[in-house]
Each structure stands twice: as C-alpha cells, then as structure tokens.
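Each remark here refers to the structure printed beneath this line.
The values are calculated or read from the model by the stated rules, or taken from the named source; none is laboratory data. If you're wondering where the values come from, they're calculated on a predicted model, not measured in any experiment. Glycine gets a Cβ as well: all are built from the backbone with ideal geometry, and neighbour counts include every protein chain shown. To get the accessible areas, we keep the full protein, side chains included, count just its heavy atoms, and leave off ligands, DNA and RNA. Shrake-Rupley method; radii C 1.70, N 1.55, O 1.52, S 1.80 Å.
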Amino acid sequence: MAKEARNYNRRFAKEYNWRRTLFYMSFLYFIVYPLYAIFYDYKIIGRENIPPKQAKKGKYIYAANHVSQFDPPMVTMAANCPIAYMAKKELFEPDCKINALVKALGAFAVDRVKPEIATFKTIKDILNTTWSLGIFPQGGTRPYGKLEGIKKGFAEIAKVAKADIVPVAIAEWTGYLSIIPFKRQHVVIKVGKPISYKLSDEEIMYQWAQQISEMADYENCVPIPKERQQAAQEDTTAANV
C-alpha cells in the first residue's frame, strides 16, 4: 500500500529545531545574500524598528506586500532571522519543482479559501519556538503600486497568536534577476514599526496598509476605520466649541 502523502498544513514545534535553523540560516547567508549581491542593487532600511530581544524570541509576524516569488527571501533578509512562511498548498504537491526546498525551509501549507484548524495550531507551535511567522496579506502576487486583495485573516491570526505584526515593504522593485551581463535589478526592502495585535482588526489592517503605502509609494485602498473617523469628528467638534 502506498504511503499517504503528508498534509503540510500541520507542522510541529519540534520540526523547528537547531538543525532546521542551522540549515535555514546557512541557506540565507551562503545562497540568498550572495545571489542578491550579484544580481541586485538592493538596500535594507529600518531594521532598527525591530527590538532585537523580541526578534530573537521569534514573537513577530512579518507581513509584506507581494510583488514576486522572490519576496520571502527578501523579507528574511530584512528580518535576519528564521521565518516560517504560510504558503499556498500547491507548492507542497509532488509536481512542484521546489516543493522539497519549501518543506526544508519550514514553510507550511494553507488553503487560502478555507483555512483549517490545523493551520492555526501550526502557527501557535511556530511562535512558541525561536522562529517567526511570515505572511503576505494580499494572498498571491499583485502588480506593483496598489494594495489590493488584502485578506483580513492576518489580523485575526495575530490576535490568536498574540504576536505583533511587523510591516515589510518591497519597494522600488524593477523585476526578476536578469542574465544580461552587468545588468542588476533594483529593490529597496523597508521595515516598518510593529503593530500591536491588541488593536481591532480594522485598525491593524489600516495601519499595515498605511505603512506599506508610505514605504513603497503605494495607493492605499484600505478604508479608514470607523473608530478613527469618530475620533476625528469628536476632535473637530471639541476644537469648534
């Protein structure tokens, strides 16, 4: 009888041990950084916004805009720590050419249409280790310049996990690496200020979109939360009294 394929939406804390961490950081320093040094003119801005002690404990959710398949390594470069990414379940299927690497780097599968309870259990397990969590609130990749298709789930996940969200902007992206000699693409990776998970879902979404829009020069399509509008009206009324 053929062995049943594992469902990678459920991963456990023990999988994020020192061996996987060593492999992950080795991949980052010996593959990712050299690759970008050769093919990209890149810059990382805002690392000082991440408190070092908190980052070492892996208690952050890194949430970025999604412009390309190269976004996960860029977010990891900015954070400079091991991050387990939520990835579409198709990446874990046998016919996917990079499925072995995706699994080895600690990613876990998620059904973006109907997330399962196992996914939330995995998130809690990961954040109980020294690893952080990586999410792309837009779901799939989107054209550069406009924040569209933002899924509310990342705010709910932050609340369940009791982890603050760090916005990461992929800015000034000029495209995938070029094989033309001496031609380097350009990108700036910007780290924003952590957003408290204690805020309302609407406020979390608004603050994330606002920071990403400012850092990446995007058009912010997220409406202003009602509580902000009410507070602004009250301030205006008080000023006119």
Notebook entry, point to check: Applying the selection to the range 105-118, what residues are modelled with pLDDT under 95 and open to solvent by 30 Å² or more (accessible area, probe 1.4 Å)?
Noted result: D111, R112, V113, K114, P115, E116, I117
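Per-residue answers, yes or no, for (1) surrounded by fewer than 23 Cβ atoms within 10 Å (Cβ to Cβ); (2) closer than 22 Å to E48 by Cα; (3) of a type in the set (S, T, Y):
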residue: T129; (1), (2), (3): yes, no, yes
residue: P143; (1), (2), (3): yes, no, no
residue: K146; (1), (2), (3): yes, no, no
residue: G149; (1), (2), (3): yes, no, no
residue: E172; (1), (2), (3): yes, yes, no
residue: I179; (1), (2), (3): yes, no, no
residue: R184; (1), (2), (3): yes, no, no
residue: V188; (1), (2), (3): yes, yes, no
residue: K193; (1), (2), (3): yes, yes, no
Notebook entry, point to check: In this structure, does E148 turn out to be under 17 Å from the mean Cα position of the chain (by Cα) and part of a loop (DSSP other than H, G, I, E, B)?
Noted result: yes
Checklist line | Odd one out for Y144 among (1) modelled with pLDDT of 80 or more; (2) under 25 Å from K89 (Cα atoms); (3) out of contact with any His (no Cβ under 9 Å at 6 or more places or on another chain) | finding: (1)
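Just to check your reading of the model, which residue among I170, I179, I165 is assigned to a strand (DSSP E or B) and within 24 Å of L35 (Cα to Cα)?
Exactly one residue qualifies, and that residue is I170.
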Notebook entry, point to check: Does E93 satisfy being out of contact with any strand residue (DSSP E or B) (no Cβ under 6 Å at 6 or more places or on another chain), open to solvent by 10 Å² or more (accessible area, probe 1.4 Å) and either modelled with pLDDT under 85 or of a type in the set (A, V, I, L, M, F, W, C) (or both)?
Noted result: no
